[in-house]
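Q: Quick one: the structure is below, and I'll ask about it shortly.
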Amino acid sequence: MSLSHEARAERREAMAQCAAARGVHAAAAEFKVTTQTVSVACKEFKVTPLRTQSNKTRAPKTSFAMLKRLLDGKSQVEIAAEFKVQRQRVNQIAQAALDAGIVLPKKGEE
C-alpha cells in the first residue's frame, strides 16, 4: 500500500500531534515507526513532544528496597546477593543516600 505525498504528510502530522499528546514512544508504537521518525515529524511540523519521565530519573522500587536493607544494617554484599545485582550498584545507592544526608548505620550497628 503506497501513500501519496499528501497522505504521508498528513500521517507525519498525525504522528507529531500524537507525540505532543502522549509522547514520542507512544506515538512510535501507535504508528509502528521508529522514535526517530516521530521526532523528525515533530520537527517538521514544529510540535514539541510530551516529555515523559525516563527511567533514569525515577528510582525503581528495588532501589528503595535496597536502601531499606542498608538502613537495617545489612552489608552491601548481602544486599547485592539478595537482589542479584553487583555490589557496585548497592554502593552507588549507599553513596547517593549519604550525599542526600541520610545517615547509614556503621558495620555492626543497627
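No lab work stands behind these numbers, since they all come straight from the coordinates. All values reported here derive from a predicted model rather than from experimental measurement. Using ideal geometry, Cβ is built from the backbone for each residue, glycine included, and neighbour counts are taken over all protein chains shown.
Q: What residue, among those in the range 1-42 that are of a type in the set (D, E, K, R) and part of a helix (DSSP H, G or I), is surrounded by the most Cβ atoms within 10 Å (Cβ to Cβ)?
A: 12
Q: So which residues in the range 71-110 are exposed (fewer than 13 other Cβ atoms within 10 Å of the Cβ), in a loop (DSSP other than H, G, I, E, B) and not aliphatic (A, V, I, L, M), if there are any at all?
A: Matches in the range 71-110: 72, 84, 86, 101, 105, 106, 107, 108, 109, 110.
Q: Turning to a different aspect of this structure: List pairs: first residue in the range 31-53 and under 11 Å from residue 18 (Cα atoms), second residue in a helix (DSSP H, G or I) and among the basic types (Lys, Arg) anywhere in the structure, Cβ distance under 6 angstrom, at least six positions apart or on different chains.
A: Cβ pairs passing all conditions: 41/12.
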